[in-house]
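Engineer: Structure in structure tokens, see below.
Readers should treat all values here as calculations from the given coordinates under stated rules, not as data from a laboratory. Remember, it's a predicted structure, so these values are computed and weren't measured experimentally. With ideal geometry, Cβ positions are generated from the backbone for all residues, glycine too; neighbour counts draw on all protein chains shown.
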Number of protein chains: 2
Amino acid sequence: MTQTETVSKPVVVTPEQLLAHWQGHRRLTRRMIEAFPEDQLFSFSIGGMRPFGVMAWEMQQVSALTLTGLLSGEWPEPNWRGGVSPDRGELLSAWDDLTAQIDREFLKVDTAFYAQQHALPWGEMSGWAAAIYCIDNEIHHRGEGYVYLRALGIEPPAFYER
Amino acid sequence: MTQTETVSKPVVVTPEQLLAHWQGHRRLTRRMIEAFPEDQLFSFSIGGMRPFGVMAWEMQQVSALTLTGLLSGEWPEPNWRGGVSPDRGELLSAWDDLTAQIDREFLKVDTAFYAQQHALPWGEMSGWAAAIYCIDNEIHHRGEGYVYLRALGIEPPAFYER
């Protein structure tokens, strides 16, 4: 894979910055998973929505799919219900394994992939859009989790701390 | 302002893609503002959090600050309480004005600004980090709004539609 494009395009963000951005959000989400009372993480709900632990497993699966897809060009649909245990320890263990894998592998992504179109399970989009959608989806559901925590009377971790 | 850097750096995202990304999120947030019952937009709350309309005004102010800052290098703290009316029509009117302004002006941002450090009211950060923080903040609070809508028995607009 080529690591550098030599075209003269405006640089908005480098892969290193995007990696730091992603990992900052993953650290915050990890603190959210820890902030829930263990007996509420996979049960507490408002308005019929999924518990936060279930959303966190989805973030984890989307993140794994995104890393694999950017590295390989293959975007197989995850087995959404497979290996999704209602157990915080298992969730955090899988979370930390993927965090380490992202650190090891993200900068190996062929930067040409970001401009190319890819067939994701949820539609055709550029590699850039796929990467940012993954992070946006995490921010979105984590924001939902903030309301759950407040409804439980718990102060969530600060959004701006990464 | 120079519109193009000729350094050979990996291209993750172009200004045009970042603009489309930002405007896609603004369209979704606008649909959220419209989805609330008018009498709940500035009053409904869970867990002592702010009503969604108040959060939306904050998004609007942060977005205006970010556009101005990227264009001028000046990042004055907004008057958070000034001009923040609990009126959906005024909110949507201001929202649409800023959307048009972003369309007109965002691509005039000197792309060198994205790598430079800027003194924002909430800390020192790169122009890229400032731009993405603005969008992330909107996604985060909008996610909170999704729970409010569900708690009110209303189906929110689809997250993936922009």
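Engineer: If you average the C-alpha positions of the stretch B:68-94 and of the stretch A:86-162 separately, how far apart do those two centres end up, in angstrom?
Structural biologist: Here the answer is 29 Å between Cα centres.
Engineer: What percentages, rounded to whole numbers, describe P(r) for the protein assembly as shown computed over all alpha carbon pairs with 20 Å bin width beginning at zero?
Structural biologist: 31, 60, 9
Engineer: Against the longest alpha carbon principal axis of chain B, how many degrees, from 0 to 90 and to the nearest 10, is the axis of helix B:52-72 turned?
Structural biologist: It is inclined by approximately 10 degrees.
Engineer: Please give the helix A:127-151 orientation as an angle from the longest Cα principal axis of chain A, in degrees from 0 to 90, rounded to the nearest 10.
Structural biologist: 10 degrees
Engineer: Return the calculated 222 nm mean residue ellipticity for chain B, to the nearest 500 deg cm²/dmol, obtained by summing -39500 (n - 2.57) across DSSP H runs with n ≥ 4 and dividing by the residue count.
Structural biologist: Values: 5 runs with 89 residues, N = 162.
My calculation for chain B gives -18500 deg cm²/dmol from helical runs alone.
Engineer: Taking every pair of Cα atoms in the stretch A:69-162, average 1/r, invert it to obtain the Kirkwood radius, and report Rg/Rh to two decimals. Intermediate values should be presented prior to the final figure.
Structural biologist: On the way: Rg = 15.9 Å, Rh = 15.7 Å.
Reported Rg/Rh, Kirkwood definition of Rh: 1.01.
Engineer: Just need log10 I(q)/I(0) for the stretch B:29-75 at q = 0.19, 0.26 Å⁻¹, Debye formula, equal scatterers on the alpha-carbon atoms, no solvent, rounded to two decimals.
Structural biologist: With one equal scatterer per Cα and no solvent, log10 I(q)/I(0) is -0.65, -0.88.
Engineer: Let me ask you something else. Quick check: net charge around A:ASP103, other residues with Cβ under 13 Å of its Cβ, Lys/Arg +1 and Asp/Glu -1?
Structural biologist: On the way: positive: A:ARG26, A:ARG27, A:ARG104, A:LYS108; negative: A:GLU16, A:ASP96, A:ASP97, A:GLU105.
So the surrounding residues net to 0.
Engineer: Largest first and to the nearest Å, give the Cα extent of chain A along each principal axis.
Structural biologist: Per principal axis, max minus min of the Cα coordinates gives 52, 32, 27 Å.
Engineer: What angle, in degrees between 0 and 90 and rounded to the nearest 10, separates the Cα long axis of helix A:88-105 from the longest principal axis of the Cα atoms of chain A?
Structural biologist: Orientation of helix A:88-105: about 10 degrees from the principal axis.
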